[in-house]
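Asker: The structure follows.
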There are 2 protein chains.
Amino acid sequence: MSQDLDAIDRRILNELVADARLPVAELARRVGLSKTPVAARIKQMEESGLIKGYRAMISPMKLGLSHVTYIELRLSDTRESALKAFNAAVRAIPEVEECYMIAGGFDYLVKIRARDMADYRRIMAEELSTLPHVHSSSSYVAMEAVVEASAPPLE
Amino acid sequence: MSQDLDAIDRRILNELVADARLPVAELARRVGLSKTPVAARIKQMEESGLIKGYRAMISPMKLGLSHVTYIELRLSDTRESALKAFNAAVRAIPEVEECYMIAGGFDYLVKIRARDMADYRRIMAEELSTLPHVHSSSSYVAMEAVVEASAPPLE
DNA sequence: CCTGAAAAATTATTCGC
DNA sequence: GCGAATAATTTTTCAGG
């Protein structure tokens, strides 16, 4: 499933994670190869799914989306069908930035990004509280973003 | 600080978040304008910092980085200088994908991405346990990624 | 503030070595 | 994998509404 990368691929990946719009020629210069092999390597990484795509990064703060809350959810029904229903429902909520199922008790950890506290309360009331099989929840409001999600470490 | 976007800017942003490499001409076609104003709008959003950049999205799983853990940290010293020292130290750990300071008790929530459990234990021992002023911690291991972080909702 | 088209620049692809 | 030539795409510019 996971593939091994040589040092060159890793450097190409690092560059593209930092700047998705680097031309192949510039990339080639930086890794010390000519364009042909660099283009081929990129294509291969795209086709293998290692590079999933290229996207613009936007500033949530500049959009007024600075209110981050983590919610711990406990379900009343932990059978496979209930989990599936919950997963599908939570994926349909656009304000859910992340959601992981946590080991040890069939809990979920959900990250919500909202405009402000009022917006968060609306999301909680209209979206999260309607999720299937939720038994109880605890909210953790972020006061400060020390490290914001960007990209996984390439090592 | 946060700026208002008209409907066109929002659509441009949505398209670029989905695909950072869309040519201006194609974007113009999709939003129903000519290239000139679309290029100008993109430039303005870049300069205002709303668009922070463009990056390749990679599959952590394909890289073998599928082990996600959330760690709740409590500090023994919550004076401003201690918090600053902690923040700086945590930012220097590459495996830290996210870190938020949580309201109500000066706790931190840290998200770690690792190769496997052994890798996580190494990170915990070598990196997290050396963070300044940490008093205690609890780990929450993710069993399943229901929603992976991608981009904040544009609404 | 937008249109449309021409011009200029950049970038990707191809191919013999 | 190299390097040059070719081909294609893309951005920038500008007169006009």
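The values are calculated or read from the model by the stated rules, or taken from the named source; none is laboratory data. The model shown is predicted, which means the values in this text are computed figures rather than measured ones. Counting neighbours? That spans all protein chains shown, and the Cβs are built from the backbone with ideal geometry, glycine included.
Asker: Could you please let me know if residue B:57 is under 19 Å from residue A:111 (Cα atoms) and either under 22 Å from the mean Cα position of the chain (by Cα) or away from chain A (no Cβ under 12 Å) (or both)?
Answerer: The answer is no for residue B:57.
Asker: Still on this model: Which residues, counting only those in region B:1-29, are part of a loop (DSSP other than H, G, I, E, B) and in contact with a strand residue (DSSP E or B) (Cβ under 7 Å, 6 or more places away or on another chain)?
Answerer: Listed by number, the residues that qualify are B:19, B:20, B:21.
Asker: Can you find even one residue in region B:67-86 that is part of a helix (DSSP H, G or I), of a type in the set (A, V, I, L, M, F, W, C), more than 12 Å from every other protein chain (Cβ to nearest Cβ) and within 16 Å of DNA strand D (Cβ to nearest atom)?
Answerer: No, region B:67-86 contains no residue that is part of a helix (DSSP H, G or I), of a type in the set (A, V, I, L, M, F, W, C), more than 12 Å from every other protein chain (Cβ to nearest Cβ) and within 16 Å of DNA strand D (Cβ to nearest atom).
Asker: Scan region B:8-23 and report the pairs whose first residue is at the interface with chain A (Cβ under 9 Å from one of its Cβ atoms) and surrounded by fewer than 17 Cβ atoms within 10 Å (Cβ to Cβ) and whose second residue is modelled with pLDDT under 95 and in a loop (DSSP other than H, G, I, E, B), with Cβ atoms within less than 9 Å and a gap of 6+ or a chain change.
Answerer: Filtered contacts from region B:8-23: B:18/B:151.
Asker: State all residues of region B:36-49 that are under 21 Å from residue B:26 (Cα atoms) and either of a type in the set (Val, Ile, Thr) or within 7 Å of chain A (Cβ to nearest Cβ) (or both); if no residue qualifies, say none.
Answerer: To start, the set of residues in region B:36-49 that are under 21 Å from residue B:26 (Cα atoms) comprises B:36-46.
Correct list: B:36, B:38, B:42.
Asker: Please go through region A:49-61 and give me each residue that is surrounded by fewer than 18 Cβ atoms within 10 Å (Cβ to Cβ) and either within 13 Å of residue A:13 (Cα to Cα) or among the charged types (D, E, K, R) (or both), ordered by number.
Answerer: Matches in region A:49-61: A:49, A:52, A:53.
Asker: Kindly check whether there is at least one residue in region B:120-137 that is of a type outside the set (D, E, K, R), under 17 Å from residue B:65 (Cβ atoms), within 9 Å of another protein chain (Cβ to nearest Cβ) and in contact (Cβ under 8 Å) with a residue 12 or more places away in the chain.
Answerer: Within region B:120-137, none of the residues are of a type outside the set (D, E, K, R), under 17 Å from residue B:65 (Cβ atoms), within 9 Å of another protein chain (Cβ to nearest Cβ) and in contact (Cβ under 8 Å) with a residue 12 or more places away in the chain.
Asker: Scan region B:37-94 for residues that are closer than 30 Å to residue B:116 by Cβ and either away from DNA strand C (no atom under 16 Å from the Cβ) or not basic (Lys, Arg) (or both) and report the count.
Answerer: Looking only at region B:37-94, we keep the residues that are closer than 30 Å to residue B:116 by Cβ, and these are B:55-75, B:86-94.
Going one step further and asking which of them are either away from DNA strand C (no atom under 16 Å from the Cβ) or not basic (Lys, Arg) (or both), we end up with B:56-75, B:86-94.
The number of residues fulfilling the criteria is 29.
Asker: Name the pairs: first residue in region B:30-54 and in a strand (DSSP E or B), second residue among the polar types (S, T, N, Q), Cβ to Cβ under 8 Å, at least 6 apart or on different chains?
Answerer: B:51/A:59; B:52/A:59
Asker: Okay, next question. Mind listing whichever residues of region A:8-35 are closer than 22 Å to residue B:17 by Cα and more than 9 Å from DNA strand C (Cβ to nearest atom)? Spell out the reasoning first.
Answerer: Just the residues of region A:8-35 that are closer than 22 Å to residue B:17 by Cα, to begin with: A:12-24.
Answer for region A:8-35, where residues must be closer than 22 Å to residue B:17 by Cα and more than 9 Å from DNA strand C (Cβ to nearest atom): A:12, A:13, A:14, A:15, A:16, A:17, A:18, A:19, A:20.
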